[in-house]
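This report concerns only the one structure given below.
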Amino acid sequence: MTQIKTSEPYDVMVIGGGINGVGVAADAAGRGLSVLLCDQGDLAGGTSSASSKLIHGGLRYLEYYDFALVKSALHERAILLKSAPHLIKPLQFIMPIHQSPRSIWLLRAGLFLYDFLGAGALPHSKVIHFTSPHPLKSSIHKGFIYSDCFTDDARLVISNAQRAQQYGATLITRMRCLKAQRTQQFWQVMLEDAITHQRHTVYARSLINAAGPWVEQVINQVIQIPSRNRIRLVKGSHILVPKLYEGEQAYILQHTDGRVIFVIPYLQQYSLIGTTDLNYEGALDNVQIDLSEKEYLCSIVNEYFHHPLTLRQILSSWSGLRPLVDDKNTTLAAINRGYKLELQVDEHNKLPLVHVFGGKLTTYRLVAEKVVNSLAPFFAHIGKAWTAQCTLPGGDIPKKDLPLFTQNLIQEFNWLPPTLCQRYAQNYGTFTYTLLENAKALNDLGKDLGHGLYEKEVIYLIQKEWAKTADDILQRRTKLSYVFSEQQSYQLSDYIVNLNNSRLPI
């Protein structure tokens, strides 16, 4: 395990290994601050792997006049497209006109404004007329088409964690934060290994609470210093079904209740459908979709598509908690989807504490930058903001052209199945060369543990990407959980146990 410094204080201690936490860790480390990040589970183990996987401005936020949020999100979309071309790709969205609570002219005006705020980074929207064959009902004749982006949310977290580590940050998973209190000179933080229950006491000059849905739990149980802000937990659920249609386009479906549902091509053979929007007050550790949510998503799809979708077709599902800033709005749709930062200091105007409330996957880099900017008055040696101009690890693909890079990989590693090369390129980008280091033939990858997951990749994920369990690997690192059988998952778990018991330095 990575060693934790217990004698020398860190400049920054980050609680939470979701997208905001790793973003803060990377930004701070790149500015010359010493950083420790801890998460009670796996990186991206919560909301950051249970999103709709979109990098977007939030078209529907325009009807709530949240122009600033949409503009900043679209600006971040352009930055991320350049910094992680292996993880983020443009995606066309078709919005059929059918029983819409919004007028066609309102939609046209909204899309025009969306294009304007996006500053031409992606193709502009336009009217589209449907011609046969198409997957929509024959009564639907036209709609709009516009562009946004799709990503692998968990891998985006991992890439930011790798960036943080490259600049010297220490990241520890399965490490609970039990108590944090100010002393005269430092924050004193008690940590407990979630597996061995071994405890550590570390010291830091600043503390960042980026725990996502757990942000209030950290405030009330760990830090025990009152905050003036609150969050409202909203559950968003998704279902995965066999591919509903051919083509790489996504659909955005409007419902009579004012919400929109996305239908997105996923992993070549599935359609991802979501999301719901429900108040949530239950346990944070085991959030699951309800039957009513499944029925809701299927019913909306069935209003638009030719072939009916039934509950039996659902292959998988996931639910995430969005920790929205509680702005006292009575309707969920009207709650601000932005973020709020709260800076607290001690009586001597030292030992800063920053809480991160809310935030979107798309704007994580901006949130992280502002968090670290808020620390500038407390650290004389802090560097300038830098992440907007720098590529994420694995993203230094020539000409930012993923298809060309993939084709070159297929030619260079012609002993690999092309589909495996494609998966490596999309997951790891140029880090594919690190993964395949010293491999000259398929046998050099070790045993195939199922569906092209070779021993060499498993060892790489454990050594380089903080993976510790089969779930870490299958659900968040590779997305192979959808094709692995239960028996194969157990065999992978046994393999990992054997690795841990071996002399391999993992």
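Can you find a residue that is touching a residue at least 40 places away in the same chain (Cβ under 8 Å), hydrophobic (A, V, I, L, M, F, W, C), part of a loop (DSSP other than H, G, I, E, B) and on the phi > 0 side of the Ramachandran plot anywhere in segment 452-472?
yes
For residues that are of a type in the set (Lys, Arg) and surrounded by fewer than 16 Cβ atoms within 10 Å (Cβ to Cβ), scanning just segment 300-339, find the one that is modelled with the lowest pLDDT. It would help to see each step written out before you state the result.
So the first thing to find is which residues in segment 300-339 are of a type in the set (Lys, Arg), and the list is 312, 322, 328, 337.
Filter again for surrounded by fewer than 16 Cβ atoms within 10 Å (Cβ to Cβ), leaving 312, 328.
On the way: Arg312: 97, Lys328: 73.
My answer is Lys328.
Go through the residues of segment 376-393 one by one and say whether even a single one is charged (D, E, K, R) and without any contact (Cβ under 8 Å) to a residue 40 or more places away in the chain. Full working, then the answer.
First, the residues of segment 376-393 that are charged (D, E, K, R): 384.
Narrowing further to those that are without any contact (Cβ under 8 Å) to a residue 40 or more places away in the chain: none.
No, because not a single residue in segment 376-393 is charged (D, E, K, R) and without any contact (Cβ under 8 Å) to a residue 40 or more places away in the chain.
List pairs: first residue in segment 104-121 and closer than 16 Å to Lys142 by Cα and in contact (Cβ under 8 Å) with a residue 24 or more places away in the chain, second residue in a loop (DSSP other than H, G, I, E, B) and of a type in the set (A, V, I, L, M, F, W, C) anywhere in the structure, Cβ distance under 9 angstrom, at least six positions apart or on different chains.
Short answer, once both residue conditions are applied: Leu107/Ile97.
Is segment 435-458 home to any residue that is crowded, with 17+ Cβ neighbours inside 10 Å, under 17 Å from Gly45 (Cβ atoms) and not assigned by TED's automatic domain parsing to the domain that holds Gly41?
Checked against the condition, which is being crowded, with 17+ Cβ neighbours inside 10 Å, under 17 Å from Gly45 (Cβ atoms) and not assigned by TED's automatic domain parsing to the domain that holds Gly41, segment 435-458 yields no hits at all.
Which of the residues that make up segment 151-210 are under 30 Å from Gln268 (Cα atoms) and either touching a strand residue (DSSP E or B) at 6+ places or on another chain (Cβ under 6 Å) or free of Cβ contacts under 8 Å to residues at least 12 places away in the same chain (or both)? Quick ask: steps written out before the conclusion?
Of the residues in segment 151-210, the ones under 30 Å from Gln268 (Cα atoms) are 151-163.
Result: Thr151, Ala161.
Checking the condition in contact with a strand residue (DSSP E or B) (Cβ under 6 Å, 6 or more places away or on another chain) and not acidic (Asp, Glu), which residue from Tyr460, Tyr428, Tyr454 passes? Steps first, please.
Values: Tyr460 fails: in contact with a strand residue (DSSP E or B) (Cβ under 6 Å, 6 or more places away or on another chain); Tyr428 fails: in contact with a strand residue (DSSP E or B) (Cβ under 6 Å, 6 or more places away or on another chain).
None of the others qualify; the one that does is Tyr454.
Considering only residues that are under 23 Å from Ile261 (Cα atoms) and either among the hydroxyl-bearing types (Ser, Thr, Tyr) or not in a helix (DSSP H, G or I) (or both), which ones fall in segment 77-89?
Leu87, Ile88, Lys89
Just to verify a result, which residue in segment 185-208, among those that are part of a strand (DSSP E or B) and aromatic (Phe, Trp, Tyr), is surrounded by the most Cβ atoms within 10 Å (Cβ to Cβ)? Working first, answer last.
As a first pass, look at segment 185-208 and keep what is part of a strand (DSSP E or B): 187-193, 199-204, 207-208.
If we keep only those that are aromatic (Phe, Trp, Tyr) too, we end up with 187, 203.
Values: Trp187: 23, Tyr203: 18.
Filtering segment 185-208 for residues that are part of a strand (DSSP E or B) and aromatic (Phe, Trp, Tyr), the one surrounded by the most Cβ atoms within 10 Å (Cβ to Cβ) comes out as Trp187.
Let's see how each residue does on (1) assigned to a loop (DSSP other than H, G, I, E, B); (2) at pLDDT below 95; (3) in the same structural domain as Asn286 (by TED's automatic domain parsing):
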| position | (1), (2), (3) |
| --- | --- |
| Thr2 | yes, yes, no |
| Thr6 | yes, yes, no |
| Val22 | no, no, no |
| Ala25 | no, no, no |
| Ala29 | no, no, no |
| Leu37 | no, no, no |
| Leu43 | yes, no, no |
| Gly57 | yes, yes, no |
| Arg60 | no, yes, no |
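Do we have any residue at all in segment 379-386 that's surrounded by 15 or more Cβ atoms within 10 Å (Cβ to Cβ), β-branched (Val, Ile, Thr) and not assigned by TED's automatic domain parsing to the domain that holds Leu207?
no
If you check Leu74 against the conditions, is it modelled with pLDDT of 95 or more, crowded, with 19+ Cβ neighbours inside 10 Å, of a type in the set (A, V, I, L, M, F, W, C) and outside any loop (DSSP other than H, G, I, E, B)?
In short, yes.
Here is a yes/no grid of residues against (1) modelled with pLDDT under 95; (2) over 16 Å from Leu499 (Cβ atoms); (3) touching a Lys or Arg at 6+ places or on another chain (Cβ under 8 Å):
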| site | (1), (2), (3) |
| --- | --- |
| Ala441 | no, yes, no |
| Leu445 | no, no, yes |
| Glu465 | no, no, yes |
| Thr469 | no, no, no |
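Given Gln411, Gln422, which one is more than 24 Å from Ser51 (Cα to Cα), part of a helix (DSSP H, G or I) and free of Cβ contacts under 8 Å to residues at least 60 places away in the same chain?
Within the list Gln411, Gln422, the selection yields Gln411.
Sort out which residues of segment 10-20 are buried (at least 24 other Cβ atoms within 10 Å of the Cβ) and outside any strand (DSSP E or B), and write them in order of number. Don't jump to the end; show me each part of the working.
Taking segment 10-20 as the starting set, the residues that turn out to be buried (at least 24 other Cβ atoms within 10 Å of the Cβ) are 10, 12-20.
Of everything in segment 10-20, those that are buried (at least 24 other Cβ atoms within 10 Å of the Cβ) and outside any strand (DSSP E or B) turn out to be Gly16, Gly17, Gly18, Ile19, Asn20.
How do the strands (runs of 3 or more DSSP E) wholly within segment 90-184 filter down when requiring 2 or more residues that are over 30 Å from Asn220 (Cβ atoms) and under 24 Å from the mean Cα position of the chain (by Cα): which remain? Break it down stepwise before answering.
Details: elements: 126-129, 142-151, 170-172, 175-182.
In segment 90-184, the matching strands (runs of 3 or more DSSP E) lie at 142-151.
Within segment 356-363, is there a residue that is in contact (Cβ under 8 Å) with a residue 12 or more places away in the chain, surrounded by 21 or more Cβ atoms within 10 Å (Cβ to Cβ), touching a Leu at 6+ places or on another chain (Cβ under 7 Å) and not in a helix (DSSP H, G or I)?
yes
Find the residue count for segment 393-404, including only residues that are buried (at least 19 other Cβ atoms within 10 Å of the Cβ) and either farther than 13 Å from Thr432 by Cβ or out of contact with any helix residue (DSSP H, G or I) (no Cβ under 6 Å at 6 or more places or on another chain) (or both). Can you show your working first?
Within segment 393-404, the subset buried (at least 19 other Cβ atoms within 10 Å of the Cβ) is 393-395, 397, 402.
Next cut, either farther than 13 Å from Thr432 by Cβ or out of contact with any helix residue (DSSP H, G or I) (no Cβ under 6 Å at 6 or more places or on another chain) (or both) only: 402.
Total meeting the criteria: 1.
The values are calculated or read from the model by the stated rules, or taken from the named source; none is laboratory data. Here the structure is a predicted model, which means the values were calculated and not measured. When we count neighbours, we look across all protein chains shown, and the Cβ atoms used for this are built from the backbone with ideal geometry, even at glycine.
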